[in-house]
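Take a look at the structure below.
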Amino acid sequence: AAKAAGKNRFLRFHPDMMAALVQRTDMESGLQFALQGGEITVDFQPIVSHRSGQVVQFEALARWDRGAGRVPPSDFIPLAERTGLIRDIGLEVMSQAMAQLADWLGEDPQRSLAVNVSGVQLQEHDFAAKVLGLAETRGVAARQLVLEVTESVFFHADCDLIRQLSTLRDAGARVALDDFGTGYSSLGRLQDLPVDTVKIDKTFVSMVRTGSERLPILSSMINMAHSLGLTVTAEGIETASQADYLTALDCDALQGYLFSLPEPAARLEKALRRAEEVLGALQQR
Ligand code: C2E
Ligand code: MG
Ligand code: MG
Ligand code: MG
């Protein structure tokens, strides 16, 4: 009887659940083939400095173009992390990004390339060696690399993970704390983390409207980071007033749709020129 009941319970599986399960399994196997099939590509978004008036960095963002359309990173990155595929995808993104940006980076040692790194990748004992090896192969200097990690990476930080980051930093690469302000760690914890830059999350940038009473948080975040010797990038800049505001707070670098959308390598030059034009226009007012 118990068996029959169990069987019945199983049969009460809702058709919607079945569809969701099929879709997920389908996406999992799809992602495996996507890598081999060249469906994983990279878009680049410029990051500008108000001091130099130039694009100083590009952030590489993974893209998955399935025949049926584009799968957003917010869908496939978590899936890749669960299945461990993020290790190969992460290296593929770095490899493509280094190859596509090698010439631009080679023209000026101050320019850099930022790549997103998942905590799963940092758990590999040879992650740092792989990254540095790749950079050498691609002719990119380690000091021109920025590894973007989120606060959650440090939540269960063990010595191995810290060692990977230290090896990279010792070689000259920098570490940026991505989506800063959205995680659990306090401003006070910042000085204990092996990071060189904070990237202020777009939710804070979107608070910039005339008269918002929460703006002191933004200026505290920037002042605190600066007093610890860190540089600050603001992400998600969509309006001129946000750019003005963050520049007035002495934010070191700005990134967002106002300057340029993330673009494929073929439109890199266009994205770069547009971003510098927008910055120039802002500075002329
Ligand atoms: P992220 O690293 O914080 O990247 C910034 C995200 O904000 C990107 O979304 C970018 O397209 C978007 N963005 C840029 N400017 C603006 C703006 O002005 N307004 C708004 N609303 N959004 C803006 P995207 O490309 O969808 O990527 C989402 C997230 O997926 C990334 O957030 C990152 O956490 C993750 N991701 C992307 N590529 C990779 C990768 O190669 N490896 C890993 N581990 N994660 C990745
Ligand atoms: Mg990022
Ligand atoms: Mg970010
Ligand atoms: Mg973000």
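A compact table of results
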| read-out | value |
| --- | --- |
| Which listed residue is at pLDDT 95 or above, at positive phi and surrounded by fewer than 18 Cβ atoms within 10 Å (Cβ to Cβ), from G106, G53, G38 | G53 |
| Every residue from the stretch 112-123 that is buried (at least 17 other Cβ atoms within 10 Å of the Cβ) and more than 16 Å from ligand 4 (Cβ to nearest atom) | S112, L113, V120, Q121, L122 |
| Failed item in (1) away from ligand 1 (no atom under 14 Å from the Cβ); (2) farther than 29 Å from G133 by Cα; (3) modelled with pLDDT of 90 or more; (4) of a type in the set (A, V, I, L, M), with V232 passing the rest | (2) |
| Hits in the stretch 166-184 (condition: buried (at least 17 other Cβ atoms within 10 Å of the Cβ), part of a loop (DSSP other than H, G, I, E, B) and within 16 Å of ligand 4 (Cβ to nearest atom)) | G181, G183 |
| Residue count, the stretch 242-268 (criterion: farther than 14 Å from F204 by Cα and over 21 Å from the mean Cα position of the chain (by Cα)) | 4 |
| Identity of the residue in the stretch 93-111, under 25 Å from D179 (Cα atoms) and small (G, A, S), that ends up farthest from ligand 4 (Cβ to nearest atom) | S95 |
| Residue that is nearest to ligand 4 (Cβ to nearest atom) [pool: residues in the stretch 185-203 that are in contact (Cβ under 8 Å) with a residue 12 or more places away in the chain and either part of a loop (DSSP other than H, G, I, E, B) or in contact with a Pro (Cβ under 7 Å, 6 or more places away or on another chain) (or both)] | D201 |
| Pair list, Cβ < 8 Å and 6+ apart or interchain, from the stretch 136-165 residues that are without any contact (Cβ under 8 Å) to a residue 40 or more places away in the chain and more than 23 Å from S95 (Cβ to Cβ) to residues that are within 16 Å of ligand 3 (Cβ to nearest atom) and assigned to a helix (DSSP H, G or I) | S152/G119 |
| Qualifying residue in the stretch 214-225 (condition: basic (K, R), surrounded by fewer than 20 Cβ atoms within 10 Å (Cβ to Cβ) and modelled with pLDDT of 95 or more) | no |
| Those residues of the stretch 227-285 which are β-branched (V, I, T) and outside any loop (DSSP other than H, G, I, E, B), in sequence order | T231, V232, T233, T247, V278 |
| Scan of the stretch 124-178 for residues that are under 18 Å from Q110 (Cβ atoms), β-branched (V, I, T) and away from ligand 2 (no atom under 16 Å from the Cβ), ordered by number | V140 |
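The values are calculated or read from the model by the stated rules, or taken from the named source; none is laboratory data. Since the model is a prediction, treat every value here as computed from it, not as a measurement. Virtual Cβ from ideal backbone geometry, glycine too; neighbours counted across all protein chains shown.
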